[in-house]
Amino acid sequence: MTIATPRVWVLNGPNLNLLGQREPHIYGYESLQNIEQNLIQHGQTMGLNVQCFQSNHEGQFIDHIHRATAEDVRYFIINAGAYTHTSIAIRDALVGVKVPYLEVHLSNIYAREAFRHHSHLSANAQAVVCGMGSAGYFYALDFIKKNLA
Ligand code: DQA
């Protein structure tokens with residue numbers, strides 16, 4: 001019997017496709033494509049099947065989250081961008097599919113504008129990483145590997 005490689009989905013929300021160009025003093029100079037490629041490679045070295053998704057549309061983001069059950073996804077790493085602070089619908093989708101998740105933000109949302117201080121996703125996240133730039137995604141992946149071991 002072969003044991004399937006655990007599948008981890010990295011979900012990025014609105015405007016994260018602009019990483020590298022968008023407010024680089026806050027979000028860094030690395031593109032999302034580069035981060036995603038490195039996450040996939042890092043996952044391979046640890047025996048994790050990392051698959052990445054980005055959308056600027058709340059409904060598409062939710063539809064994708066719903067697909068996780070059929071796809072046997074073991075974990076999400078999610079940066080919902082500004083939807084973090086506004087979307088009860090994404091919060092409900094995450095709770096609905098019952099896939100454990102880690103919330104990641106490149107910037108330290110608590111050191112920024114007051115409207116970024118509340119996250120609708122944090123209360124149900126297994127952990128939250130913020131303010132570590134793109135390294136936060138990799139720490140999250142390492143944590144998942146340890147947790148699945
Ligand atoms: C972000 C922080 C959010 O407040 C912002 O809307 C983003 C990116 C981050 O990664 O730091 O789009 O999630």
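Residue check, residue 35 against (1) more than 16 Å from the ligand (Cβ to nearest atom); (2) at pLDDT 95 or above; (3) of a type outside the set (Asp, Glu), all met but one. Which one?
Failed condition: (1).
When you check residue 53 against the structure, is it free of Cβ contacts under 8 Å to residues at least 60 places away in the same chain and within 19 Å of residue 18 (Cβ to Cβ), yes or no? Before the answer, list the steps.
Numbers: free of Cβ contacts under 8 Å to residues at least 60 places away in the same chain: yes; within 19 Å of residue 18 (Cβ to Cβ): yes.
Yes; evaluated as a whole, the condition is true for this residue.
Among (1) touching a residue at least 40 places away in the same chain (Cβ under 8 Å); (2) of a type in the set (Phe, Trp, Tyr); (3) within 11 Å of the ligand (Cβ to nearest atom), where does residue 76 come up short?
Every condition holds for residue 76 apart from (3).
Which residues, counting only those in the stretch 1-15, are closer than 14 Å to residue 77 by Cα and either within 14 Å of the ligand (Cβ to nearest atom) or small (Gly, Ala, Ser) (or both)? Can you show your working first?
Initial filter on the stretch 1-15 (closer than 14 Å to residue 77 by Cα): 6-13.
10, 11, 12, 13, listed by residue number.
For residues in the stretch 79-88 being under 24 Å from residue 22 (Cβ atoms) and surrounded by fewer than 18 Cβ atoms within 10 Å (Cβ to Cβ), which is farthest from the ligand (Cβ to nearest atom)? Lay out the reasoning, then the answer.
Initial filter on the stretch 79-88 (under 24 Å from residue 22 (Cβ atoms)): 79-87.
Still in the list and also surrounded by fewer than 18 Cβ atoms within 10 Å (Cβ to Cβ): 82, 85-86.
Details: 82: 4, 85: 6, 86: 9 Å.
Looking at residues that are under 24 Å from residue 22 (Cβ atoms) and surrounded by fewer than 18 Cβ atoms within 10 Å (Cβ to Cβ), I get 86.
Can you tell me which condition residue 140 does not meet? The list is (1) among the small types (Gly, Ala, Ser); (2) over 13 Å from residue 8 (Cα atoms); (3) not in a loop (DSSP other than H, G, I, E, B), and all the others hold.
(2)
Tally up the residues in the stretch 83-108 that are farther than 15 Å from residue 60 by Cα and outside any helix (DSSP H, G or I), please.
11
Could you check residue 59 against (1) touching a residue at least 24 places away in the same chain (Cβ under 8 Å); (2) away from the ligand (no atom under 16 Å from the Cβ) and say which number it fails?
(1)
Report, by residue number, each residue of the stretch 100-115 that is surrounded by fewer than 20 Cβ atoms within 10 Å (Cβ to Cβ) and in contact with a Phe, Trp or Tyr (Cβ under 8 Å, 6 or more places away or on another chain).
Matches in the stretch 100-115: 100, 107.
Mind telling me which of the residues 114, 127 ends up being aliphatic (A, V, I, L, M) and within 18 Å of residue 9 (Cβ to Cβ)? So that I can check it myself, show each step before the final result.
Numbers: 114 fails: within 18 Å of residue 9 (Cβ to Cβ).
Exactly one of 114, 127 is aliphatic (A, V, I, L, M) and within 18 Å of residue 9 (Cβ to Cβ), namely 127.
Which number in (1) at negative phi; (2) surrounded by fewer than 18 Cβ atoms within 10 Å (Cβ to Cβ); (3) within 11 Å of the ligand (Cβ to nearest atom); (4) free of Cβ contacts under 8 Å to residues at least 40 places away in the same chain marks the one condition that residue 130 misses?
Here residue 130 meets the rest and fails (2).
The values are calculated or read from the model by the stated rules, or taken from the named source; none is laboratory data. Predicted model only: the values in this text are computed from it and were never measured. With ideal geometry, Cβ positions are generated from the backbone for all residues, glycine too; neighbour counts draw on all protein chains shown.
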